[in-house]
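All remarks here apply to the structure that follows.
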């Protein structure tokens, strides 16, 4: 087995396990255990890859290539750059936590549920490692299918409207991306992302950007977001905002910007403006939101804007910051949604009006929510601070006012996050918070503590990622 | 003394096998005692289709250098043979489903049904190889008449009878258009063979262009493309679901394969005309099929409109007219026939279970009750919508590529928008099967015990599922097959 096969294993192991779960009549316990085991094995394989990764080289590593549609020069080509490695790590760790959460709360129809979660894991990894446009597109779309069912079957009362909105929005973007990638691939004669040359077509660039702007989302394409995040089960919302939405940002970073440098710089101001709008508008919405999930959802929207600001700043600092911030925010968002889920399990609601005083007698939930919240509002010394600082420094190199807008939004972040923490943990005891409601149980701690621990490690050593992002988009472009 | 042409019997062996089986099945209707008639006829039919697949595959391998046989009336080439394999495969699946689903109180006409099915498929496999206008018309009538009768096989039930009659009337209109067009083309060129028409036709000849237009209209009826689609929803809804499944898959294959052949071999000089004509029909089919499907509650009717919209996607490949378009068309047809057949077969199972037409409402909970059929349906619907759960995704990619390659980016955009619209009604079925709240599920619960076991239907659906999912992974080999097939046509 070559090292490249490790990447393929990372993609296909969970999908194969999904088939096993669907076909074999296992008990609920066995199904959940198997799913969790496979997701932990994914983490293990990823650690193995990270340990073997040679950060001094700039090219593609763990690459594997095979024929798929030779006729049109489409190949099965997977591999990892340094930045892809971090995204894959984010994906497998967060999905392991989400699957564990599903196991812990005991979702009904467990075989269908865990099969879909595993399928989602495989598709997510596939998006981050695919080095062929059509393969990327296939995985990008494949993420949608399990999410649609996971929200539609296990979601909240208004789930049907939320799913249809989510699917139609995302597919609208993706299908235009399909048209764009056909145009690009047939024009340059290959669909390969590594070999493919740059292209100057603005239409093709906009086709890709539409898909990524909806997925991430950027203003004004966020219409699907509040419903989907509110109606999804907490662990699915965590996967959606922590990992899946990051695929849109990854697409900008890997495809839209490096493959279309001229259109990207032509439209730079437009996308910087959309990103800044997402950042400010999302922060304000988060501040106005009456529920915990709403705060996390809109803060994800705002963070997408911030990260896009870094990506479109077109500077090395902005790029490194964006990679770091994607990973950091992925963990923050996953942890916050899972915490929100634990709060909902204890109180049946996440409305601030009905919550309050959760901290009294429940030190674990208070500590974890407080720590994650503090990291998320980017206090100096935290991972998010490092990411945001780099992004703002990058944006500053472009023009000072972008950085000014970003800095202003960080103040807003402090406002909405502290408001949310205080509304849940402190203040007078809410009407739904019973004295009997327990603190976090061992199972829940085992899921959330590792996520927070990763965040603390990143806070202590952000350069672990930001100093190891490998080639920038410009060098990705010229890499062989 | 009339000189008889040399007959290459092997070239038409698939037709002969199917006709022979049809004959045996018909004999069974008379000679085999009533209780054994169903297994006998179904067995003969299955053997006939397996035999047809074997001979077609053999001929595919053996016909690397495509040529015309039997006084230049029949094309023995890989384009014909690959289409024959698909049609025979669909026929085999229809046999499996029909053996359980064609329910008659006393099995009165069960053997006749299989006899007709075989004869119909024989007509289709003849049709796809037609190399002159006469063979084209005769074989079209041949399989159409068989289809009319199959639609009305339950002649004492109102729905199927109405469907058969409607199909007969509208189908005859289509055939008449085709025949009249053929006559005009003959008048313009003095030739009925495709090669002769190409050699003698000129694109400035109004008579020829008019003839071409009428031939396109005639084929449009068979392929249920808008604006020649009016019969489709009614007939698909009224016909026994097994027949609908067969018709939706096999007729489309036959019509599109022949359309591409006649356009490439007889009318290449008019490509600037027909590619635009087909692009127009494609847009109309996509628009009408998708918009009308949005409001349907009856699942068969919805799938009928979806089949019109897929005719639109296929026409995108057809209108590109290139070798890439041919490959795209053939690949799309293989995947589409599997998905269309499979989805109707699943509907057939639910219909039998409930005893009433399947609607989005009484489909509620079906996915949880019958997991295999539910998951299969899921795959078919997502495949229709072009999501990467099967070859439907690559098929769309291919036809869009063909259109883009032809320089028609606008047609790609039309296709993309149509796909987006189609998502809504495909997802409505998935939503009905899996996501209704439990109180609704109880309302829709089946009365009268557990559903019938239906092993053969499961096998047929499994085959369709295997083709539709396998074609995503085996794109390379399938495209190679289609490429060799398309290389038999002049470009």
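The values are calculated or read from the model by the stated rules, or taken from the named source; none is laboratory data. Here the structure is a predicted model, which means the values were calculated and not measured. For neighbour counting, all protein chains shown are included, and Cβ atoms are generated from backbone atoms with ideal geometry for every residue, glycine included.
Remarks
- Within the stretch A:255-279, considering residues that are free of Cβ contacts under 8 Å to residues at least 60 places away in the same chain and surrounded by 21 or more Cβ atoms within 10 Å (Cβ to Cβ), the one nearest to residue A:88 (Cα to Cα): A:256
- Test: residue A:55 is surrounded by 18 or more Cβ atoms within 10 Å (Cβ to Cβ), over 22 Å from the mean Cα position of the chain (by Cα) and away from chain B (no Cβ under 14 Å): no
- Yes/no for residue A:252 being modelled with pLDDT of 90 or more, more than 14 Å from every other protein chain (Cβ to nearest Cβ), over 18 Å from residue A:84 (Cα atoms) and buried (at least 24 other Cβ atoms within 10 Å of the Cβ): no
- Filtering B:83, B:64, B:21, B:46 for residues that are within 27 Å of the chain's Cα centre (by Cα), part of a loop (DSSP other than H, G, I, E, B) and at negative phi leaves a single hit, B:64.
- Given (1) in contact with a strand residue (DSSP E or B) (Cβ under 7 Å, 6 or more places away or on another chain); (2) outside any helix (DSSP H, G or I), number of the condition residue B:4 does not satisfy: (1)
- Single residue of the stretch A:19-52 satisfying the filter (in contact (Cβ under 8 Å) with a residue 60 or more places away in the chain and within 21 Å of the chain's Cα centre (by Cα)) that is surrounded by the most Cβ atoms within 10 Å (Cβ to Cβ): A:35
- From A:221, A:166, residue being assigned to a loop (DSSP other than H, G, I, E, B) and either touching a strand residue (DSSP E or B) at 6+ places or on another chain (Cβ under 9 Å) or surrounded by 19 or more Cβ atoms within 10 Å (Cβ to Cβ) (or both): A:221
- Exactly one residue among B:288, B:215 is surrounded by fewer than 24 Cβ atoms within 10 Å (Cβ to Cβ) and over 13 Å from residue B:340 (Cβ atoms), and that residue is B:288.
- The lone exception for residue A:404 - which of (1) surrounded by fewer than 21 Cβ atoms within 10 Å (Cβ to Cβ); (2) in contact (Cβ under 8 Å) with a residue 40 or more places away in the chain it fails: (2)
- Any hit, the stretch A:463-470, residues being crowded, with 19+ Cβ neighbours inside 10 Å, on the phi < 0 side of the Ramachandran plot and not in a helix (DSSP H, G or I): yes
- Residue A:171 satisfies every condition listed in (1) at the interface with chain B (Cβ under 10 Å from one of its Cβ atoms); (2) in contact with a strand residue (DSSP E or B) (Cβ under 6 Å, 6 or more places away or on another chain) except (2).
- Annotation note: Cβ proximity below 7 Å between a residue of the stretch A:63-76 that is more than 10 Å from chain B (Cβ to nearest Cβ) and over 9 Å from residue A:192 (Cα atoms) and a residue that is at pLDDT 85 or above and part of a helix (DSSP H, G or I) (sequence gap 6+ or interchain) occurs for A:64/A:5; A:64/A:7; A:64/A:8.
A quick yes/no check of all residues on (1) surrounded by 23 or more Cβ atoms within 10 Å (Cβ to Cβ); (2) at pLDDT 90 or above; (3) closer than 30 Å to residue A:67 by Cα:
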position	(1), (2), (3)
B:398	yes, yes, yes
B:432	yes, no, no
B:438	no, no, no
B:445	no, no, no
B:464	yes, yes, yes
B:474	no, no, yes
B:481	no, yes, yes
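- Failed item, numbered, when residue A:288 is tested on (1) crowded, with 21+ Cβ neighbours inside 10 Å; (2) over 29 Å from residue A:199 (Cα atoms); (3) without any contact (Cβ under 8 Å) to a residue 60 or more places away in the chain: (1)
- Hits in the stretch A:192-230 - residues which are within 14 Å of another protein chain (Cβ to nearest Cβ), more than 17 Å from the chain's Cα centre (by Cα) and modelled with pLDDT of 90 or more: A:202, A:203, A:204, A:206, A:207, A:208, A:210
- Meets criteria (in contact (Cβ under 8 Å) with a residue 24 or more places away in the chain and more than 20 Å from residue A:215 (Cα to Cα)) for residue A:309: no
- Among the criteria (1) over 22 Å from residue A:320 (Cα atoms); (2) in contact with a helix residue (DSSP H, G or I) (Cβ under 7 Å, 6 or more places away or on another chain); (3) assigned to a helix (DSSP H, G or I), the one residue A:245 does not fulfil is (1).
- Qualifying residues in the stretch B:401-413 (those that are surrounded by fewer than 20 Cβ atoms within 10 Å (Cβ to Cβ) and in a helix (DSSP H, G or I)) - the one farthest from the other protein chains (Cβ to nearest Cβ): B:410
- Against the numbered list (1) within 22 Å of residue A:235 (Cβ to Cβ); (2) more than 14 Å from chain B (Cβ to nearest Cβ); (3) at pLDDT 90 or above, residue A:107 comes up short only at (3).
- Scanning the stretch B:24-43 for residues being in a helix (DSSP H, G or I) and surrounded by fewer than 16 Cβ atoms within 10 Å (Cβ to Cβ) gives a total of 7.
- Within the stretch A:435-451, tally of residues that are surrounded by fewer than 20 Cβ atoms within 10 Å (Cβ to Cβ) and modelled with pLDDT of 80 or more: 9
- The one condition from (1) outside any helix (DSSP H, G or I); (2) facing chain A (nearest Cβ under 10 Å); (3) more than 19 Å from residue B:305 (Cβ to Cβ) that residue B:386 does not meet is (3).
- Residue in the stretch A:315-331 that is farther than 12 Å from residue A:241 by Cα and outside any helix (DSSP H, G or I) present: yes
- Residues located in the stretch A:131-158, provided they are out of contact with any strand residue (DSSP E or B) (no Cβ under 7 Å at 6 or more places or on another chain), more than 7 Å from every other protein chain (Cβ to nearest Cβ) and farther than 19 Å from residue A:216 by Cβ: A:146, A:150, A:154, A:155, A:156, A:157, A:158
- Close pairs from the stretch B:365-382: first within 8 Å of chain A (Cβ to nearest Cβ) and surrounded by 24 or more Cβ atoms within 10 Å (Cβ to Cβ), partner at pLDDT below 90 and not in a helix (DSSP H, G or I), Cβ under 6 Å, at least 6 apart: B:382/B:389
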